[in-house]
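Notes to accompany the following structure.
The values are calculated or read from the model by the stated rules, or taken from the named source; none is laboratory data. Note that the structure is predicted; figures quoted are calculated from it, not measured. Quick reminder, even Gly has a Cβ in these numbers, built from the backbone with ideal geometry, and neighbours come from all protein chains shown. Ligands, DNA and RNA are stripped out before the accessible areas are found, and what is left, the full protein with its side chains, is counted by its heavy atoms. Shrake-Rupley method; radii C 1.70, N 1.55, O 1.52, S 1.80 Å.
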2 protein chains.
Amino acid sequence: MTRPAATGSCLAQEARGGSRLALSRLLTAVESRTPGAEEALRLLYPLAGGAHVVGITGPPGGGKSTLVAALVAEARARHRAVAVLAIDPSSPVTGGAILGDRIRMQQHAGDRDVFIRSMAARGHLGGLAGTTAESAAVLDACGFGLVFIETVGTGQSEVEVASIADTTVVVQAPEMGDEIQAMKAGLLEVADLVVVNKSDRPGADRAAAQLRAMLDLGNAERAGTSEHSRPRPKRPEVLLASGLDAAGVPELLTALDGHHAGRAGADRPQAARIARARAQVEGILADRSREALWSAARRAETEALLEQVAAHELDPYAAADRLLQQLGTGQPAATSS
Amino acid sequence: MTRPAATGSCLAQEARGGSRLALSRLLTAVESRTPGAEEALRLLYPLAGGAHVVGITGPPGGGKSTLVAALVAEARARHRAVAVLAIDPSSPVTGGAILGDRIRMQQHAGDRDVFIRSMAARGHLGGLAGTTAESAAVLDACGFGLVFIETVGTGQSEVEVASIADTTVVVQAPEMGDEIQAMKAGLLEVADLVVVNKSDRPGADRAAAQLRAMLDLGNAERAGTSEHSRPRPKRPEVLLASGLDAAGVPELLTALDGHHAGRAGADRPQAARIARARAQVEGILADRSREALWSAARRAETEALLEQVAAHELDPYAAADRLLQQLGTGQPAATSS
């Protein structure tokens, strides 16, 4: 009971048993990949795999948070346990705090089948996609069959997060500025479903029609050309919704379910599962290397090498090679837990 | 001359000699860390270290590109060689293309002391910050004493890019939406200088006054509390500018020079240089591991393990440990070039 590992396994059991405090603490541990998180995940991971992981992304100002809140309410109306991981980009240094969380939580206060959690976008060892995938697995193992990952689709890491979802929804508002339009074009390439939110605003129908035309064109152009593209048999569906008054939200949840069920035998869900596995494993490998470099025994040597690189006395490839030579025997040793 | 490495060293020599085509090809190679890029960087890196690397970041819609174009024109009026690395978030999958580049290039067409380059925000092996730092070193070694890195400050990777600059400028417009305000608050923590752009618009003076008050408050609250915070002896200066008619731009360039010169003996520039070194070295290490995992000899084994993780038959930590055991001897071997 005194080993840190025991803490992880206790947290895992308590979280599975329904303790929201234990679940919160576990997710905090997962974000920084503590030894306790590793112990917990080794227990929980085999119990996961059944949840539908839905990425909700889009440019800023599209009303993602409000739409997710409406989707949560709709899922609860259908008696489903639902969790939200909101990736918070607001503070790159301190990690920030999502104000909206508290507001959205109030509606479901006391409801044990809703869990809403914000994660800092920055400071994830081994990458945001990896720890997000691990967090989703924890929620999955704790009984949440529907997990939303909400992220602003304007950064490299944030789009990577969207790529690990079983289903990716891109949300936008009818009218948006030029720079945001450019972002949108890129985001559409990862969309399984597109939502024109704030459907009560003027121009929503026209925006949806334009999107359909753009997507038809894009699909024709890209047919089988990009190795990075996911298999996409047909143009993603474009739906209208309003997070504010929940118009179109039941149809959206039904479409999400349809996407999940309809593609069960297709390549896309398997590709997403492999992407999740890869993000986690590569993230853990990167952590192991970093731990070895910055361990008490090596830190001074690592710092001295970086100072030489900073002074341009040594190039970064030569520094990396020296570190790898030093790690040659050290790295595998660092992996025993 | 037939080894790929020779290509890298030839490109390096030609780029140093003034060939813009060679420089372009070299930066393309650096983005994907080819063996040629490695060879070139080993030659060029010791020749770099003198340039002032300035990060220009901020929420979408702040007019960063226009401001950078005005700064480039001002630097040329002062007879300085200037380069721009524009990190393009527009397409996460295909890499996108910055339309603005061509427009901005026209003004300086035929001017050999201006070099403008867009880099895809996605698909960088070993991380965007690392390859951006390497690209800046290449430009530095090729005689560009002032290197702007322009990036939308809304993603984890993009903010990391800002953190490797000697001086980080956060740009915003007078009026912006709520979600963007939240991003801004985080961004301000990494700012050395803040610019209220579009200073001709109503509310610009008020926005600047609010920012100064917010920064004074923030500085008082944070004094020495966050380990992630950079050393910041005083509140960052808040300037008004208009990229469109270049009002305030000469003063901004002078303030940038002042920041660079005034802090030469302080902690901040050294911290930035260490951050650049670390981003490059850790990026190269991550690449080396990834190369080893996905080499022809190991690919099948790696894929089989990931499929087990995807099927939840094996947890990601166990998979990572197995891969590390396999790499135990393989990894150092993969580093000889």
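Overview of values
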read-out	value
Every residue from region A:274-321 that is at the interface with chain B (Cβ under 7 Å from one of its Cβ atoms), under 25 Å from residue A:34 (Cβ atoms) and small (Gly, Ala, Ser)	A:277, A:286, A:289
When residues of region B:2-27 are limited to those that are out of contact with any Leu (no Cβ under 9 Å at 6 or more places or on another chain) and not in a helix (DSSP H, G or I), the one nearest to the other protein chains (Cβ to nearest Cβ)	B:3
Residue list for region B:214-242, filter: at pLDDT 85 or above and assigned to a loop (DSSP other than H, G, I, E, B)	B:236, B:241
Criterion: within 13 Å of chain A (Cβ to nearest Cβ) and open to solvent by 10 Å² or more (accessible area, probe 1.4 Å) - qualifying residue of B:60, B:46	B:46
Single residue of region B:191-213 satisfying the filter (open to solvent by less than 10 Å² (accessible area, probe 1.4 Å) and within 14 Å of chain A (Cβ to nearest Cβ)) that is modelled with the lowest pLDDT	B:191
Selected residue (criterion: modelled with the lowest pLDDT) from residues of region A:322-337 that are facing chain B (nearest Cβ under 7 Å) and assigned to a helix (DSSP H, G or I)	A:332
Condition met for residue B:76 (away from every other protein chain (no Cβ under 14 Å), open to solvent by 10 Å² or more (accessible area, probe 1.4 Å), of a type in the set (Lys, Arg) and in contact (Cβ under 8 Å) with a residue 60 or more places away in the chain)	no
Selection count, region B:170-190, where residues are β-branched (Val, Ile, Thr) and at pLDDT 85 or above	2
Pick from region B:83-97, criterion in contact with a Lys or Arg (Cβ under 9 Å, 6 or more places away or on another chain) and open to solvent by 20 Å² or more (accessible area, probe 1.4 Å), ranking: modelled with the highest pLDDT	B:89
Condition broken by residue A:129, with the remaining ones in (1) of a type in the set (A, V, I, L, M, F, W, C); (2) open to solvent by 40 Å² or more (accessible area, probe 1.4 Å); (3) modelled with pLDDT under 90; (4) under 28 Å from residue A:238 (Cβ atoms) satisfied	(2)
Residue in region A:49-63 that is part of a helix (DSSP H, G or I) and of a type in the set (A, V, I, L, M) present	no
Total residues in region A:75-88, condition assigned to a helix (DSSP H, G or I) and in contact with a strand residue (DSSP E or B) (Cβ under 9 Å, 6 or more places away or on another chain)	2
Of all residues in region A:28-38 being touching a residue at least 40 places away in the same chain (Cβ under 8 Å) and crowded, with 22+ Cβ neighbours inside 10 Å, the one that is farthest from the other protein chains (Cβ to nearest Cβ)	A:30
Every residue from region B:64-73 that is open to solvent by less than 10 Å² (accessible area, probe 1.4 Å) and of a type outside the set (A, V, I, L, M)	B:64
Helices (runs of 4 or more DSSP H) within region B:243-312 that include 1 or more residues hydroxyl-bearing (Ser, Thr, Tyr) and touching a helix residue (DSSP H, G or I) at 6+ places or on another chain (Cβ under 8 Å)	B:267-293, B:299-310
Test for residue A:80: is it at pLDDT 90 or above and not β-branched (Val, Ile, Thr)	yes
